Amino acid sequence: MRISDNLVEKLLAATGKFSDAQLAALTEQQKSEKKPLQDVVVATNTLSEKDLTKLYAAEIDVPFAELNAKEIDKQIMELIPERVARQYRAVAFKQDSDEVVYVAMEDPDDVPAISFLQKQLGKPIRVHLAATSTIQAVLDLYEGTNVGSELEKVIAVQEKDASDEQVNEADVAEDSPIAQTVNLVIDYGVKNGASDIHIEPRENFVLIRYRVDGILREVNKLPRKVLGALVSRIKILANLKIDEHRAPQDGRFKISVNNHMYALRVSTLPILDGEKVVMRILDESSKPATLEELGYWGYSLAAVKHAIVQPHGMILVTGPTGSGKSTSLFSVLSMLNSPGVNISTVEDPVEYHVVGANQTQVNPIAGMTFASGLRALLRQDPNIIMVGEIRDGETADLGVQAALTGHLVFSTLHTNNAATCLPRLLDMNIEPFLIASTVRIVVGQRLVRRLCVDCRQITIPTETDIARLVRVFQLTDAQAMRRLHQLEQQALSDGIGANGPAKPNAPSTVQLSTSEKAITQLWTAHPEGCETCNHSGYKGRMGIYEVLTNNESVQQLIVSNATSEKIQAQAMTDGMLTMQVDGLVKALRGQTTIEEILRVTAEKS
């Protein structure tokens with residue numbers, strides 16, 4: 001969709017929302033950047049692409065279509081072959097009872113295209129205008145359905161051509177079957193929402209696995225003979241040494257998929273059957289999520305928001321590898337980022353880029369460790385410091401000293417929950433009074449799979465289910481059940497599970513799952529899933545959290561060298577919800593399942 005500059009200016013003026021000065025500034029920016037005015041309007045958030053397209057549709061008297069790729073029926077979409085859909089930027093998205101096909105286009109004035117589509121379909125069509133990005137999202141569905149077959153074709157060529165495992169330049173060239181294989185493997189991972197791609201050599205084949213929503217899934221097996229060329233191609237992309245096979249290597253490269261920039265963090269490791277490669281996929285085009293979008297609510301949300309606006313102190317995030325700690329810190333740093341604040345970080349590796357922040361990569365070979373990097377940062381006049389991980393006493397001591405001297409310090413630790421984080425600092429020989437006076441809050445977190453909103457189900461709990469919930473979550477008396485009911489009410493008022501049904505027949509989450517006396521319903525994953533969730537019952541992940549506030553009562557326990565159990569008990573008395581209880585409330589709100597909560601909190605069920 002291309003709208004003339006004059007018409008864009010007319011559409012903006014017609015809304016009555018923009019002054020002459022604003023319009024003149026946009027026009028001036030358009031001239032200086034030498035871009036179409038509609039691109040400038042969208043880039044500056046003057047109007048969203050959707051709103052601008054709506055205005056244009058009304059101007060030319062063509063109905064507007066708000067496409068959602070997740071809801072497109074693939075059988076209807078495939079009424080228009082992929083080649084034709086891409087050529088004319090037109091997608092079929094609906095068919096009514098009279099067999100009229102609804103077609104969304106970027107250019108509804110393209111009469112020859114409309115005539116061709118009518119002949120192609122052999123049915124009457126009704127043309128709509130849709131935003132370019134939504135049309136592209138539907139076009140991507142074609143690729144998603146074809147990646148498997150394309151990969152099979154490439155594999156067949158490799159099996160035919162690969163005579164030995166020796167690698168030459170032709171094997172890893174840009175247009176070689178191996179290069180096509182790498183591209184397809186990455187494309188498939190990106191389009192299926194994978195966080196990691198595992199390429200694992202086995203005795204007779206090469207296994208391709210993807211981690212989707214935290215669960216590894218086996219997808220393909222490649223011929224063993226292509227292992228050398230496959231690994232070499234990835235090493236070339238990541239600027240690694242292709243002749244080094246006995247030592248692990250780490251690298252990084254970027255690719256663009258559907259106008260989204262992705263960074264792939266590459267790690268190679270020699271194992272018994274060859275070299276294993278793992279690629280972590282990071283979407284550099286993604287915007288930082290708000291704390292609410294990450295799943296914070298109630299006491300946890302209030303505690304975090306209060307702590308991050310303090311002028312100094314330490315804020316620690318704890319959990320195992322892959323529990324979302326970096327994502328939480330990325331969101332908080334993005335909230336605090338402004339031209340008047342100097343944010344400096346030292347990380348290993350730098351996963352998310354914060355525009356305007358000074359981010360440093362750890363490099364032990366060059367002498368850049370967390371401790372040496374943090375020591376250097378303190379001479380860079382920072383307001384906010386983020387240390388990727390506290391691994392030793394020296395780093396911990398420097399972090400505490402930075403917090404004492406007027407800096408706001410963020411960092412992570414690997415402990416099982418928030419309460420064990422404080423004794424862990426004691427183990428690093430940090431004085432108890434220093435911990436008590438510098439640490440503001442400790443956030444413990446895990447990631448759980450999110451229920452697919454299109455196919456999730458409600459079940460009535462059996463007596464066995466109720467007995468299990470009472471035992472695991474200690475709902476042993478009427479007061480505990482009333483407390484759970486109050487927590488669910490607060491979660492609903494804070495927006496947890498407040499969204500309506502995704503489809504007309506889907507169950508609503510507005511109804512509570514508890515009463516003051518009992519748990520009345522449970523949410524479960526559909527055993528067969530649906531197309532939206534790739535028949536898994538789950539789509540995406542969300543966090544469950546516990547936020548320990550270092551108030552006066554907790555400080556007294558720290559100074560007296562109390563155990564983590566006593567610290568946790570006091571924090572719960574002061575209002576902290578454990579990760580397990582936070583997860584239970586979210587499961588009752590239809591966001592996840594009880595099984596998921598028990599899986600990640602490692603409690604006996």
| message | Starting from the 7 Å offset along Cα-to-Cβ, what nm value, one decimal, do you get for the label separation of Asn383 and Asp427? | response | 3.6
| said: Tell me the mean residue ellipticity at 222 nm calculated for the chain from its helices only (DSSP H runs of n ≥ 4, each -39500 (n - 2.57), averaged over every residue, nearest 500). | reply: -12000 deg cm²/dmol
| task | Quick one: which residues, 5 or more positions from Lys94 or on another chain, have an amide H under 5 Å from its amide H? H modelled 1.01 Å from N in the peptide plane, none for Pro or chain starts. | result | Tyr102
| request: Any chance you could give the angle, 0 to 90 degrees and rounded to 10, that helix 393-404 forms with the longest Cα principal axis of the chain? | output: 90
| request: Provide the descending list of Cα extents for region 515-558 along its principal axes, expressed in whole angstroms. | output: 53, 30, 11
| Hey, got the dipole for region 1-67? About the Cα centre, +1 on K and R Cβ, -1 on D and E Cβ, debye to the nearest 20? | 100
| Rounded to the nearest 5, what is the percent of antiparallel bridges among the DSSP beta bridges in region 1-127? | 60
| request: List, in order, the whole-Hz ³J(HN,Hα) value for each residue of region 4-17 obtained from phi through the Karplus relation with A = 6.51, B = -1.76, C = 1.60 and θ = phi - 60°; use x for Gly and Pro. | output: 5, 4, 4, 5, 4, 4, 5, 5, 5, 5, 5, 6, x, 9
| remark: Rounded to two decimals, the Debye log10 I(q)/I(0) of region 495-605 (Cα scatterers, no solvent) at q = 0.09, 0.18 Å⁻¹ is -0.34, -0.99
| message | Defining a contact as two alpha carbons under 8 Å apart and six or more residues distant in sequence, what relative contact order in percent does the chain show? | response | 9
| remark: A 1.4 Å probe over the protein heavy atoms gives the chain a carbon and sulfur accessible-area percentage of 49
| query | Over the heavy atoms of Thr405, what accessible area does a 1.4 Å probe trace out, to the nearest 10 Å²? | reply | 90
| task | DSSP loop (so not H, G, I, E, B), at most 13 other Cβ within 10 Å: list which trypsin sites (Lys or Arg not before Pro) in region 306-403 pass both filters. | result | Arg379
| message | I'd like the distance between the alpha-carbon centres of region 517-534 and region 68-84, rounded to an integer number of Å. | response | 27
| task | Note down, for the chain, the three equivalent ellipsoid semi-axes (square root of 5 times each alpha carbon gyration tensor eigenvalue), biggest first, whole angstrom. | result | 43, 33, 29
| field | Stretch in the chain that is longest and holds no GluC sites (Glu not before Pro) that DSSP places in a loop and that have at most 10 other beta carbons within 10 Å | value | 204-527
| message | If I ignore ligands, DNA and RNA and count only protein heavy atoms, how much of His535 is accessible to a 1.4 Å probe, in Å² to the nearest 10? | response | 110
| message | Per residue, how large is the accessible surface of region 201-350? Use a 1.4 angstrom probe and give square angstrom. | response | 45
| note | Rounded to the nearest 10 degrees, the helix 478-493 long axis (Cα) sits at an angle to the longest Cα principal axis of the chain of 40
| Amide proton proximity set for Thr345, modelled H, under 5 Å, gap of 5+ | Asn358, Gln359, Thr360, Met386
| Derived scalar couplings ³J(HN,Hα) [region 559-571; Karplus, 6.51 cos²θ - 1.76 cosθ + 1.60; whole Hz; x for Gly, Pro] | 5, 8, 6, 5, 6, 5, 5, 5, 5, 5, 4, 5, 4
| said: Please report the antiparallel percentage of the DSSP beta bridges confined to the chain, to the nearest 5. | reply: 65
| Taking all pairs of different Cα atoms in region 393-482, averaging 1/r and flipping that mean, what Kirkwood radius in angstroms comes out? | 17.1
| message | As an exercise, identify the trypsin sites (Lys or Arg not before Pro) in region 203-272 lying in DSSP coil whose Cβ has no more than 14 other Cβ atoms within 10 Å. | response | Lys241, Arg246
| request: Beyond 23 Å, what share of the Cα-Cα pairs of region 425-570 is found? Please give it as a whole percent. | output: 55
| message | Within 10 Å of each candidate Cβ there may be at most 16 other Cβ atoms; applying that plus a DSSP loop requirement, which trypsin sites (Lys or Arg not before Pro) in region 482-575 survive? | response | Lys517
| List Met579, Met572, ordered by accessible area with a 1.4 Å probe, largest first | Met572, Met579
| query | Each residue of region 538-552 in turn: what ³J(HN,Hα) in whole Hz from Karplus with 6.51, -1.76, 1.60 and θ = phi - 60°, glycine and Pro shown as x? | reply | 10, 9, x, 9, 9, x, 10, 9, 9, 10, 8, 8, 7, 8, 4
| task | Take the Cα gyration tensor of region 326-459, multiply each eigenvalue by 5, square-root it, and list the three semi-axes largest first, rounded to whole angstrom. | result | 28, 20, 15
| In debye, nearest 20: dipole of the chain around its Cα centre with unit charges on the Cβ of K, R (+) and D, E (-)? | 760
| said: Under 5 Å between amide hydrogens, which residues at least 5 positions from Arg252 or on another chain qualify, with H placed 1.01 Å from N in the peptide plane? | reply: Val266
| task | Using a 1.4 Å probe and ignoring any ligands, DNA or RNA, find the accessible area of Ile466 and quote it in Å² to the nearest 10. | result | 60
| query | With the other protein chains left in place, how much accessible area per residue, in square angstrom, belongs to region 492-578 at a 1.4 angstrom probe? | reply | 50
| query | How much length is gained if the chain between Lys241 and Asn204 is pulled fully straight, taking 0.36 nm per residue apart and subtracting their Cα-Cα distance, in nm to one decimal? | reply | 10.8 nm
| query | What accessible area per residue, rounded to a whole number of Å², is obtained for region 410-481 using a probe radius of 1.4 Å? | reply | 45
| message | Checking the cross-link filter: which aspartates and glutamates have an alpha carbon closer than 14 Å to that of Lys54, excluding same-chain neighbours under 8 positions apart? | response | Glu66, Glu106, Asp107
| note | So, relative contact order of region 502-605 in percent, Cα under 8 Å, 6 or more apart, is 28
| log₁₀ of I(q)/I(0) at q = 0.22 Å⁻¹ - region 298-379, Debye sum with one point per alpha carbon | -1.30
| What angle do you read, to the nearest 10 degrees and between 0 and 90, between the alpha-carbon axis of helix 177-191 and the longest principal axis of the chain? | 70
| message | Which residue, Ala478, His407, Val41, has the largest displacement toward the positive end of the dipole of the chain when charges sit on each Cβ (Lys, Arg +1; Asp, Glu -1)? | response | Ala478
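The values are calculated or read from the model by the stated rules, or taken from the named source; none is laboratory data. From a predicted model like this one, the values you see are computed outputs, not experimental measurements. As a convention, Cβ positions derive from the backbone with ideal geometry for all residues, glycine included, and neighbour counts pool all protein chains shown. Surface areas here come from the heavy atoms of the whole protein model, side chains and all, with no ligands, DNA or RNA. Shrake-Rupley method; radii C 1.70, N 1.55, O 1.52, S 1.80 Å.
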